[in-house]
1. If I go through segment B:120-153 residue by residue, how many of them are under 21 Å from B:Thr39 (Cα atoms), within 13 Å of chain A (Cβ to nearest Cβ) and more than 16 Å from ligand 1 (Cβ to nearest atom)?
2. Quick check: is even one residue across segment A:154-175 within 16 Å of A:Ala24 (Cα to Cα), touching a residue at least 24 places away in the same chain (Cβ under 8 Å), away from ligand 2 (no atom under 16 Å from the Cβ) and within 14 Å of another protein chain (Cβ to nearest Cβ)?
3. Those residues that are more than 14 Å from A:Tyr186 (Cβ to Cβ), without any contact (Cβ under 8 Å) to a residue 40 or more places away in the chain and under 12 Å from the mean Cα position of the chain (by Cα), I need them from segment A:89-118; list them, please.
4. Restricting to segment A:52-107, name every residue that is basic (Lys, Arg) and either assigned to a loop (DSSP other than H, G, I, E, B) or under 29 Å from B:Cys48 (Cα atoms) (or both).
5. Here are A:Ala59, A:Ala32, A:Ala41: which of them is in contact (Cβ under 8 Å) with a residue 24 or more places away in the chain and either among the small types (Gly, Ala, Ser) or within 11 Å of ligand 1 (Cβ to nearest atom) (or both)?
6. Out of B:Val60, B:Val150, I need the residue that is crowded, with 24+ Cβ neighbours inside 10 Å, more than 16 Å from ligand 3 (Cβ to nearest atom) and not aromatic (Phe, Trp, Tyr). Which one?
7. Could you tell me whether any residue of segment B:26-49 is over 25 Å from B:Val150 (Cα atoms), within 14 Å of ligand 2 (Cβ to nearest atom), within 17 Å of the chain's Cα centre (by Cα) and among the hydroxyl-bearing types (Ser, Thr, Tyr)?
8. Hey, could you check segment A:69-101 for residues that are under 23 Å from A:Phe146 (Cα atoms) and either of a type in the set (Gly, Ala, Ser) or touching a Gly at 6+ places or on another chain (Cβ under 6 Å) (or both) and say which is nearest to ligand 3 (Cβ to nearest atom)?
Amino acid sequence: MAPDSLEGALALKTEHGDDAKFLAGGQSLIPAMNFRLAQTALLIDVNNLKELDYIRRDANGDLHLGALTRQRRLERDPLVKQYAPLLHEAMPWVAHPQIRNRGTLGGSLAHADPAAELPVIALALGARLRAQTARDERWITVDDFFRGLFTTDLASDEMLVEVVLPPLPPRTGAAFIEFSRRRGDYAMLGLAAIVTLNESGACEKARLVYLNAGDGPVDAKQAADLLKGQKPSAEVFAAAASLAAEQEINPMGSIHASPDYQRHLARVLTGRALKQAFARASQ
Amino acid sequence: MSELHPIKVIINGNTYERQVEARLLLSDFLRHELGLSGTHVGCEHGVCGACTILFDGAAVRSCIMFAVQADGHELATVESLAKNQNELHPLQQAFHEAHGLQCGFCTPGFLMTLVPFLQENPSPTEAEIREAISGNLCRCTGYQHIVDAVKLAAEKMKSTVVSSQ
Ligand SMILES: Cc1cc2nc3c(=O)[nH]c(=O)nc-3n(C[C@H](O)[C@H](O)[C@H](O)COP(=O)(O)OP(=O)(O)OC[C@H]3O[C@@H](n4cnc5c(N)ncnc54)[C@H](O)[C@@H]3O)c2cc1C
Ligand code: FES
Ligand code: FES
């Protein structure tokens, strides 16, 4: 089924509930179906809903991103580059160009793969997500959206339609770093770091969010708290990195990386990301 | 499940109208229904890049799309590149000259990835070339000759543009 309108798509989803799945870019869903990992009675192809493919900035400086915006467009968009540099920096790490030509923003968030970049970026930036059903709509703050491995807060009749990114406060710097075996492969570990400085150059608030380090994007709150009031130094970065790596993340390991190695990566990459984020914040 | 859907697709400039099952993969449609077997299928889950084609001008994996999704769109496969039996596309010629292929299984995917890349980026650096082909696996060449072939193709394509002006 390939409805031409959002109303049509939502009506089908209400009617079929869990028996139906939205088909966005198909870059996660179809491989899963080819492997017989996913079986779905009905696919609602939403690629005709051009009205959900947009990038706009409103008077408050919020960036509005349609759920069906292709990843390739996010990567190249000048508004994203200027106003959501963290998202811009992370985009080339999302799979390969051929995948980003099809894959969508909403598809990646709804899929909620703990190793995916976009959920980490959305969480780090404090996104607000708009979900719609045939009858009504609601806003979900990103802290409530991810509910564990491949699980979100979306109900069976809901579609994610929009992602809103608030503007970064002044004196804020952000950095995204990940480590993978080959460019475009899923990362063994990665993180987004955001730091806001006060007038005197000390950290006012910080956020550290990790990928492939748990059953969803992992928000290392204690490590972020440790940074508050601190001026940048190698010791401060190392302390925050150790806390996050040893206490807050919960990496599952894979054939390519043991949990110990992932913790090691977390320590090293956190130090680098913090250095970059502090430097960018003080520019 | 076995319900058929009519589709109309332009592929390599020719219009095809067919009835397809909803779950038929685009790669299988091209190969089995249309006999366009230049598009290769390696992994069928989006990893190897052998099945790359152009979909409205953009490189995509045909193994993780359905044929019905191509309805109303314009596609190009590797068969579109050479003008005729004797005259290869400059990129194909460069692959030939620089030994950019051995068994050739991966080659159609590399070519269809690189055609739009070179259009957008006619003078790529080595790093940009490696980035561009990061989504394509080759088990024979070790990639170095492919990178050489792309550099050679970029040279050739620039000089043909200049000389035709
Ligand atoms: C070889 C390969 C490598 C990859 N590497 C990476 C990587 O390194 N990093 C990364 O982040 N991703 C990677 N991906 C995944 C890719 O980014 C996908 O595009 C993305 O995860 C899913 O987006 P999609 O639009 O293709 O969604 P689909 O596959 O269409 O859908 C995924 C799921 O989300 C649901 N869904 C989709 N849209 C909505 C919506 N608007 N509302 C509610 N539910 C919805 C679908 O029903 C389905 O269950 C890779 C994919 C492949 C094939
Ligand atoms: S066959 Fe499509 S990517 Fe491998
Ligand atoms: S030439 Fe054999 S796989 Fe690339």
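1. 1
2. No, segment A:154-175 contains no residue that is within 16 Å of A:Ala24 (Cα to Cα), touching a residue at least 24 places away in the same chain (Cβ under 8 Å), away from ligand 2 (no atom under 16 Å from the Cβ) and within 14 Å of another protein chain (Cβ to nearest Cβ).
3. Answer for segment A:89-118, where residues must be more than 14 Å from A:Tyr186 (Cβ to Cβ), without any contact (Cβ under 8 Å) to a residue 40 or more places away in the chain and under 12 Å from the mean Cα position of the chain (by Cα): just A:Met91.
4. A:Arg70, A:Arg72, A:Arg73, A:Arg76, A:Arg100, A:Arg102
5. Details: A:Ala59 fails: in contact (Cβ under 8 Å) with a residue 24 or more places away in the chain; A:Ala32 fails: in contact (Cβ under 8 Å) with a residue 24 or more places away in the chain.
Matching residue, one of A:Ala59, A:Ala32, A:Ala41: A:Ala41.
6. Just one listed residue meets the conditions, B:Val60.
7. Yes: one or more hits.
8. A:Ala95
Bear in mind that the values in this text are calculations on the coordinates, not laboratory data. No experiment lies behind these values; they were computed from the predicted model shown. A quick note on method: Cβ atoms are made from the backbone with ideal geometry, for glycine too, and the neighbour counts reach across all protein chains shown.
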